[in-house]
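Take a look at the structure below.
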Amino acid sequence: MYESLINAYINKLSINDVNNFATNNNISLKNGENKIIYDFIKNNWKEAYKGDTLKEIYKIKEKVSTDTFNKILELYNKYKDKIK
């Protein structure tokens with residue numbers, strides 16, 4: 001059930017949604033990072049949902065700035081326990 005809800009949300013996700021989420025969480029994305037994050041979410045959400053989420057997140061580490069990656073980890077740690 002959750003997987004189909006997540007899939008529907010991901011299908012509607014836009015780069016603008018990534019930008020808005022970053023802005024709402026006081027993240028200043030570097031040029032092009034919004035596209036990197038968007039593509040990552042679109043292409044890797046199932047692996048993150050079904051498998052080792054942190055392992056999946058670390059795949060993006062070399063593609064974004066250190067500040068952005070650290071903020072991603074911070075947000076992951078903030079929200080991971082709220083989902084369960």
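The values are calculated or read from the model by the stated rules, or taken from the named source; none is laboratory data. Please read these numbers as outputs of a predicted model, since none were measured by experiment. A quick note on method: Cβ atoms are made from the backbone with ideal geometry, for glycine too, and the neighbour counts reach across all protein chains shown. Ligands, DNA and RNA are excluded from the accessible area calculation, which covers all protein heavy atoms including side chains. Shrake-Rupley method; radii C 1.70, N 1.55, O 1.52, S 1.80 Å.
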Original post:
When the solvent-accessible surface of protein heavy atoms is calculated with a 1.4 angstrom probe, in what order do 17, 67 fall, highest first?
Top reply: 67, 17
Subject >> Neighbourhood charge, 14 Å Cβ-Cβ cut-off, centred on residue 14 and excluding it, Lys, Arg +1 and Asp, Glu -1 >> reply: +1
Subject >> Local electrostatic count, residue 37, Cβ distance below 14 Å [Lys/Arg +1, Asp/Glu -1] >> reply: +1
**OP:** Quickly estimate the mean residue ellipticity at 222 nm for the chain, helices only: each DSSP H run with n ≥ 4 gives -39500 (n - 2.57), and the total goes over all residues, rounded to 500.
**Re:** -23000 deg cm²/dmol
**OP:** Calculate, in nm to one decimal, what residue 47 and residue 21 gain on full extension: separation in residues at 0.36 nm each, minus their alpha carbon distance.
**Re:** 7.2 nm
Original post:
Excluding ligands, DNA and RNA, what is the solvent-accessible area per residue of the chain at a probe of 1.4 Å, expressed in Å²?
Top reply: 73 Å²
**OP:** Tell me which label goes with the value of Cα extents along the principal axes in Å computed from the coordinates here: [x] 35, 24, 21; [y] 36, 32, 22; [z] 34, 27, 18.
**Re:** [x]
Subject >> Sequence of 23, 68, 53 when ordered by accessible area, the most exposed leading, probe 1.4 angstrom >> reply: 23, 53, 68
Subject >> Cross-link partners of residue 46 among lysines (Cα-Cα below 18 Å; sequence separation of 8 or more within a chain) >> reply: 12, 55, 59, 80, 84
